[in-house]
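Down below is the structure, laid out as C-alpha cells.
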Amino acid sequence: MLKEKWIAILQNILEKTEKNLDVFVSKYPHVGIKNQYCPEENALWTSSFLIGMAYLAYDVTGDKSYIRHRLEYLESFENRLQKRIGISHDLGFLYTLTAAADYKLTGDERSGRLAGKAADMLAERYNEKGRYIQAWHEIGAGYPDANIIIDTMMNLPLLYGSGNPAYFDMARNHAMTAAHTLVRKDYSTFHGYLVRPETGEMVKGVTYQGYADNSTWARGQAWAVYGYALSYAYTGEQRFLQVARETEKVFRRNLPRDYVPYWDFHFTDENPDIRDTSAAAVYCCGLLELAKYAEPKEAEEYREIVYAVMTSLQEHYTLGKSYNGILAAGMYHRDHGADECVIWGDYFYMEAAVRLLKDWNMFW
Ligand code: GLY
C-alpha cells in the first residue's frame, strides 16, 4: 500500500519534471512567483536542483531521455566555474547534483574532472587557523563578513568524495568546528557564526534567514540533521552521528500538528506563520539516511515520521497541474520567495520519494 503511494507521488513529480526539462536548459528555476518558476541565469546557489531532479529521474526509471540535455548542463556549469560566477560555499550543492551525479551515473570523465575542479575551488575557502570553510564573500574577507553557516554541511560531500585526503580532512574539520559553534548545547542550531579569520576566533552566533539570532531557523536545523548524517556516512565519526540524532530530536519536537514546520521554530500552532515545506523535505532525506545507522526499532520510528511528513506534504501542499512548481509553501527569505514553491524543496521531496522506493546510491 505504502509503496503504491510513493510511486504515485513520484509519478506526479516525474510528469512535472519532464515538462520543465525543455524549458530550463541553460537557465534554471529558483523560487516561484505565485508558484511559477521563471528561467534564471546560472549564477544562483539553486541552479543545480532541477538538474539533480533530471538525474534522479534517470536513476529511478532508467530512462536516459531525462538527461537529454546533460551536455548543455555540463557546458553551462563548466563556464560558471571558469568565470567564477556566484562562487561561495554552495559549490557543493551546485556540482554534487550536476557534475558529480553525472559522473556517478554515466562515468563520463569530463564530469569527474569538473567535479574535481569545483572541489579545488571549495577547498580554497578553507581557513586553517579556525578549521572552517568560509560561507560567503571573497576569500580573506575580514570580520564581520567572514562567517560559517549551517547550510555548508550539505556542501561537504563534494570534498569528502573528491578522493583527495587533504580535502577530506578539511570537510571533517569543518564539521567538528560547526558541531561546537553552530550547534548549540541543546542541539538547536544557529544559522551562522561570525569568525575572525586572522586568528580563527569564533565570535558569536547570528541569523541571516531565521527569525532571530537565538531562534532556530527550521531549514538550518534540517541541514544539520541531513548534513551530519552525511558526515557520519563518510567518516564513521561517532560525534557526527550523535549530532545528527540529537538535532533530529529537536526538529521532531518542533513539528506542528500537521508535521510540516513553520519556517522558524519561534512559530507554533498557537502562534502560526508561514511554513517551510522545503525544510520538511530535507528533514525526510536526513531521517532516511539516519535510518541506515539505527537499530531496527529506531529505524522504523524514523520511517514512521517520514511517512507522516510525506503524507502531509502530498495531501496538503502539492500544487496542481497548472503550476510548474511541485511543493507549495516553501520559504526562502521573509521578503523573497516566502510561501512559494522553491526548487530545492521540489528536489528534496523527490529525493525522499526515491529513497522510499529504492536503496538509493546517493549523489551526495
Ligand atoms: N542554502 C541557502 C538556504 O537554505 O536558503
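The values are calculated or read from the model by the stated rules, or taken from the named source; none is laboratory data. Please read all numbers here as calculations on a predicted model, not as lab measurements. Virtual Cβ from ideal backbone geometry, glycine too; neighbours counted across all protein chains shown.
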Open item on the list: Restricting to the range 7-40, count the residues that are of a type in the set (Lys, Arg) and assigned to a helix (DSSP H, G or I).
Closed with: 2
Task: Matching entry among Ser188, Ser162, Ser111 (being away from the ligand (no atom under 15 Å from the Cβ), under 28 Å from Phe265 (Cβ atoms) and of a type in the set (Ser, Thr, Tyr)) - done: Ser188
Open item on the list: Can you find a residue that is surrounded by 15 or more Cβ atoms within 10 Å (Cβ to Cβ), charged (D, E, K, R) and either within 16 Å of the ligand (Cβ to nearest atom) or not in a loop (DSSP other than H, G, I, E, B) (or both) anywhere in the range 331-344?
Closed with: yes
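Take Glu289 and decide whether it is within 18 Å of the chain's Cα centre (by Cα), more than 16 Å from the ligand (Cβ to nearest atom) and farther than 23 Å from Phe49 by Cα. So that I can check it myself, show each step before the final result.
On the way: within 18 Å of the chain's Cα centre (by Cα): yes; more than 16 Å from the ligand (Cβ to nearest atom): yes; farther than 23 Å from Phe49 by Cα: no.
Taking the combined requirement at face value, the residue does not satisfy it.
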Task: Whichever residue in the range 212-234 is crowded, with 19+ Cβ neighbours inside 10 Å and hydroxyl-bearing (Ser, Thr, Tyr) and, among such residues, is farthest from Ala338 (Cα to Cα) - done: Tyr232
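For residues that are away from the ligand (no atom under 15 Å from the Cβ) and without any contact (Cβ under 8 Å) to a residue 60 or more places away in the chain, tally how many sit in the range 84-104. Full working, then the answer.
If we filter the range 84-104 for residues that are away from the ligand (no atom under 15 Å from the Cβ), which is where we start, we get 84-85, 98-104.
With the extra rule that they be without any contact (Cβ under 8 Å) to a residue 60 or more places away in the chain, the set shrinks to 84-85, 98-99, 102-103.
Number of matching residues: 6.
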Open item on the list: Take the conditions without any contact (Cβ under 8 Å) to a residue 60 or more places away in the chain, small (Gly, Ala, Ser) and either within 16 Å of the ligand (Cβ to nearest atom) or buried (at least 24 other Cβ atoms within 10 Å of the Cβ) (or both) and apply them to Ala119. Does it pass?
Closed with: yes
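Any residue at all in the range 269-279 that's within 18 Å of Ile51 (Cβ to Cβ) and surrounded by fewer than 23 Cβ atoms within 10 Å (Cβ to Cβ)? Give the derivation first.
Step one: filter the range 269-279 for residues within 18 Å of Ile51 (Cβ to Cβ), giving 278.
Subset that is surrounded by fewer than 23 Cβ atoms within 10 Å (Cβ to Cβ): none.
Within the range 269-279, not a single residue is within 18 Å of Ile51 (Cβ to Cβ) and surrounded by fewer than 23 Cβ atoms within 10 Å (Cβ to Cβ).
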Open item on the list: Please list, ordered by residue number, the helices (runs of 4 or more DSSP H) wholly in the range 81-187 having 1 or more residues that are under 16 Å from Ser48 (Cβ atoms).
Closed with: 91-95, 101-106, 109-123, 156-160
Open item on the list: Would you confirm, using the coordinates I've provided, whether Arg131 is away from the ligand (no atom under 16 Å from the Cβ), in contact with a His (Cβ under 9 Å, 6 or more places away or on another chain) and modelled with pLDDT of 95 or more?
Closed with: yes
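Determine whether Asp213 is among the acidic types (Asp, Glu) and in contact with a Gly (Cβ under 7 Å, 6 or more places away or on another chain).
In short, yes.
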Task: Index of the failed condition, Asn155 passing every other in (1) away from the ligand (no atom under 16 Å from the Cβ); (2) touching an Asp or Glu at 6+ places or on another chain (Cβ under 8 Å); (3) at pLDDT 95 or above - done: (1)
TODO: Among residues belonging to the range 298-325 that are assigned to a loop (DSSP other than H, G, I, E, B) and buried (at least 16 other Cβ atoms within 10 Å of the Cβ), point out the one that is farthest from the chain's Cα centre (by Cα).
DONE: Tyr323
Open item on the list: Return the pair list, or none, for Cβ contacts closer than 6 Å from residues in the range 62-82 that are of a type in the set (D, E, K, R) to residues that are outside any helix (DSSP H, G or I) and surrounded by 12 or more Cβ atoms within 10 Å (Cβ to Cβ), at least 6 apart or on different chains.
Closed with: Glu72/Val25; Glu72/Ser26; Arg80/Asn42
